[in-house]
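The structure appears below as structure tokens.
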Amino acid sequence: MSQNISVKVKVWRQDGPQATGQFESFDLSGISTDMSFLEMLDTLNEQLLKEGKRPVEFDSDCREGICGSCGCMINGMAHGPERGATVCQLHMRSFKNGQTIVVEPWRATAFPVIKDLVVDRSAFDRIIAAGGYVSVKSGRHADANVMLVPKDTAEKAMDVAQCIGCGACVAACPNASASLFTGAKITHLALLPQGKVEAARRVQRMTDQMDSEGFGGCTNIGECLAACPKEIKMEAIVSMRREFIKGAFAEPPRQAGSDNA
Amino acid sequence: MLPKIFSSSVFKKILMSLTGFGLVGFLITHLIGNANLYRSGSDPFNTYAAKLHSLGPILEVAEIGLLGMFVLHIVTALQLKFRSRNARQDRYAVNASKKGPSKSGFISQNMALSGLLILAFVVLHVKQLHFGPGMDAGYVTNVTGESTRDIHRLVVETFSDPLNVALYVAAMIVLGLHLRHGFWSAFQSLGLTCERSSKALYIASGLLAALIAGGFLFMPIWIYFGVQS
Ligand code: HEM
Ligand code: FES
């Protein structure tokens, strides 16, 4: 049943990348429990705009849990208390009347704050650019099922391919490690015939990039698994290590144009 | 190619795991050998110790290997710890676990702390027993026919002091906690688990941690209360 509640929102305000931020508290009433968390923030922003104040900046796009744009720490949990959901899919029914809700941006050295709850996640793009692709001329798209993949392999690949790159794994990790994200991408491509060819090179490049972006090291704590809105499993990280070991023993790639004899 | 790999955080994790497994292997042999303390009289333990030391150069090589693993484990651990420190310079105002598959908790988040406590204990332990009074101080036995060190007497004397008993018991609890997360974690770091095995492995490694820590933990208690005599 829909219900209206009042909440106190304590949200991180930071004017810019170099500015020092601080929390600001707002009292909101008449919040429908059917609202998503972002709609609650929209309500807050409308109120702020009416008062001539600067609205709270946050990222969002699809608002249906598939794009990976949204995300913030809510009461110390990435994407809030609900498991398997992004903040755009988190509803106010998850909160109690009169509750104080602390909202913070993802915090990691590799994810610098741009403004309020908006962080720069381009480190993820650079990890992908380092090897999260398949080097083939794609031409016109092929007919379905030209390349046959066993059902269980396809499903395993799909499980990790669900990653939307929201950054919750990094945000939730006590080490700010990007292992779940990087592991998911590496595992996804290593499972499929199109991606297998470049597996050894990919795992080295992507993990090197992950390190040089300044993410922490994984200590197998698994808070990322609990935070992941797509509920990607530890297997993604474990399989990244397997790929890493395999890659270390693989023959180094020949330079282009070298003698193939 | 190789030198670059050494600096990878994934490689460092593999190193943590291999050295961790090696150290666990040592603990298991150490525990089995020391279990002679639970037998009555001083002879079984002294005989074991004499046999072990009769290995001579083999033992020395093993000791150097052990020290190497220990140092490598600690140095790598600290490197990873500093990397993680730098990876989150601004802390969260509120921290909470979403539970479920997460193993986040005091133990898993404080491996460096438990590790450094173990290090402190190991230094003390080696100083007290390995470098403690030997044959020239009159600690001599003849169990094997030859004169060898009466290490049993030193152990009994050490554990007649309740302070030492308390210290060793505390250290073994810390070791158990380190292994609670560590042993299971090492399998993940080496890429050895799959979805089906990881739950069983988590339980099994908890049991192993309890067995190792418990096995050592009762030795000083056993000796203090003189159950063996
Ligand atoms: C008898 C001694 C020890 C044993 C048997 C042992 C065992 C282990 C094992 C099995 C792991 C898991 C490795 C992995 O996750 O792949 C581990 C992790 C760890 N150990 Fe030890 N350890 C010992 C002593 C120490 C000492 C003296 C330190 C001192 C700093 C230490 C610090 C750590 C840390 C920080 C980790 C977490 C690694 C990470 O952050 O990735 N350990 N240990
Ligand atoms: S806005 Fe697209 S996932 Fe939340």
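Quick one: in region A:27-51, which of the residues that are surrounded by 15 or more Cβ atoms within 10 Å (Cβ to Cβ), of a type outside the set (A, V, I, L, M) and under 14 Å from A:Q99 (Cβ atoms) is nearest to the chain's Cα centre (by Cα)?
So the residue we want is A:F37.
Report whether or not A:A199 is over 19 Å from A:K246 (Cα atoms) and either acidic (D, E) or in the same structural domain as A:L225 (by TED's automatic domain parsing) (or both).
no
Which residues, taken from region B:171-214, are hydrophobic (A, V, I, L, M, F, W, C) and within 17 Å of B:S102 (Cβ to Cβ)?
Answer for region B:171-214, where residues must be hydrophobic (A, V, I, L, M, F, W, C) and within 17 Å of B:S102 (Cβ to Cβ): B:W184, B:L201, B:I203.
What are the residues in region A:199-232 that are surrounded by 21 or more Cβ atoms within 10 Å (Cβ to Cβ), assigned to a loop (DSSP other than H, G, I, E, B) and facing chain B (nearest Cβ under 7 Å), if any?
Those that are surrounded by 21 or more Cβ atoms within 10 Å (Cβ to Cβ), assigned to a loop (DSSP other than H, G, I, E, B) and facing chain B (nearest Cβ under 7 Å): A:F215, A:G217, A:C218, A:T219, A:N220, A:I221, A:G222.
Of all residues in region B:185-207 being within 15 Å of the chain's Cα centre (by Cα) and crowded, with 17+ Cβ neighbours inside 10 Å, which is farthest from B:N36 (Cα to Cα)?
B:A186
Is it fair to say B:S160 is farther than 25 Å from B:K12 by Cα and not basic (K, R)?
yes
Go through the residues of region B:100-113 one by one and say whether even a single one is part of a loop (DSSP other than H, G, I, E, B), away from ligand 1 (no atom under 16 Å from the Cβ) and either in contact (Cβ under 8 Å) with a residue 24 or more places away in the chain or surrounded by fewer than 15 Cβ atoms within 10 Å (Cβ to Cβ) (or both).
Yes, region B:100-113 contains a residue that is part of a loop (DSSP other than H, G, I, E, B), away from ligand 1 (no atom under 16 Å from the Cβ) and either in contact (Cβ under 8 Å) with a residue 24 or more places away in the chain or surrounded by fewer than 15 Cβ atoms within 10 Å (Cβ to Cβ) (or both).
If B:K51 satisfies all but one of (1) basic (K, R); (2) closer than 19 Å to A:S177 by Cβ; (3) more than 13 Å from chain A (Cβ to nearest Cβ), what's the number of the condition it fails?
So the condition that B:K51 fails would be (2).
Which of the numbered conditions does A:K196 fail, given that it passes all the others? Conditions: (1) touching a Ser or Thr at 6+ places or on another chain (Cβ under 9 Å); (2) free of Cβ contacts under 8 Å to residues at least 12 places away in the same chain.
(1)
Here is a check on your reading of the model: is B:L80 at the interface with chain A (Cβ under 10 Å from one of its Cβ atoms) and touching a residue at least 40 places away in the same chain (Cβ under 8 Å)?
yes
For region B:109-123, does any single residue satisfy the condition of being over 15 Å from the mean Cα position of the chain (by Cα) and either at pLDDT below 95 or within 14 Å of another protein chain (Cβ to nearest Cβ) (or both)?
The answer is yes; a qualifying residue exists.
Test of understanding: among B:M135, B:M172, which residue is away from chain A (no Cβ under 14 Å) and either within 16 Å of ligand 2 (Cβ to nearest atom) or modelled with pLDDT of 95 or more (or both)?
B:M172
For region A:60-80, which positions are crowded, with 23+ Cβ neighbours inside 10 Å and assigned to a loop (DSSP other than H, G, I, E, B)?
A:C70, A:G71, A:C72, A:H79, A:G80
The values are calculated or read from the model by the stated rules, or taken from the named source; none is laboratory data. Keep in mind that this is a model prediction, so the values were computed, not measured. Using ideal geometry, Cβ is built from the backbone for each residue, glycine included, and neighbour counts are taken over all protein chains shown.
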